[in-house]
Amino acid sequence: MKFSRGNFKEGVKKVKIKLTIGQDEYIATMNGSRAAKDFIDLLPMTLTLKDYVGTEKISDLPKPLSTIGSPEGTAAYIGDITFYAPWGNLAIFYRDFGHSPGLIKLGSINNGGEKLASYKQPIEAYLELIKD
């Protein structure tokens, strides 16, 4: 199934995570993809985010995520949390980006994703599951 901004599998509970960078907290809603579920299974974790091409913050993950059932690529928008399968890394976008083969959307920061551009690099981000 192809996922787009705000498009979740019907009947799948919307899982939320929290990203903490210094004193700032961001809430993100994850989609129902297998890749997103693999990512959620890694939480909690601390990642070091580095800037990449003035568009996104990236970090290596402890292990690759599943790409089964994911589209072959997608476009990214401000706040999108993605997995770039060819490199096996997490990418969080603070600027819109065109279609990229191998990019898999995991979810989106609900508000304020553009602020990621203002952080000096590298930055530490603590990611955790928000429990109901």
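Laboratory data are not the source of any read-out in this text; all were calculated from the coordinates shown. Given the structure is predicted, the values throughout are model-derived calculations rather than measurements. Glycine also receives a Cβ, built like all others from the backbone with ideal geometry; neighbour counts cover every protein chain displayed.
Laid out as a table, the results:
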{"item": "Simple label model, 7 Å out from Cα along Cβ direction - Glu124 to Ala75, nm", "result": "3.8"}
{"item": "P(r) weight above 13 Å for the range 59-112, C-alpha pairs, percent", "result": "53"}
{"item": "Contact order relative to length of the chain, as percent, for alpha carbon pairs under 8 angstrom and 6 or more apart", "result": "33"}
{"item": "Other-chain or far-sequence residues with amide H under 5 Å of Asp80's (modelled H)", "result": "Phe93, Ile109"}
{"item": "Exposed-loop-free span, longest in the chain, where GluC sites (Glu not before Pro) count as exposed if DSSP calls them loop and at most 16 other C-beta atoms lie within 10 Å", "result": "11-71"}
{"item": "Restricting the range 99-129 to trypsin sites (Lys or Arg not before Pro) in coil, as DSSP defines it, with at most 12 other Cβ within 10 Å", "result": "Lys120"}
{"item": "Centre separation in Å (Cα based) which lies between the range 10-61 and the range 88-117", "result": "10"}
{"item": "Only Lys, Arg (+1) and Asp, Glu (-1) charged, at Cβ; the chain dipole about Cα centre in debye", "result": "280"}
{"item": "Distant-in-sequence amide H partners of Thr74 (H built 1.01 Å from N, under 5 Å)", "result": "Ser100, Gly102, Leu103"}
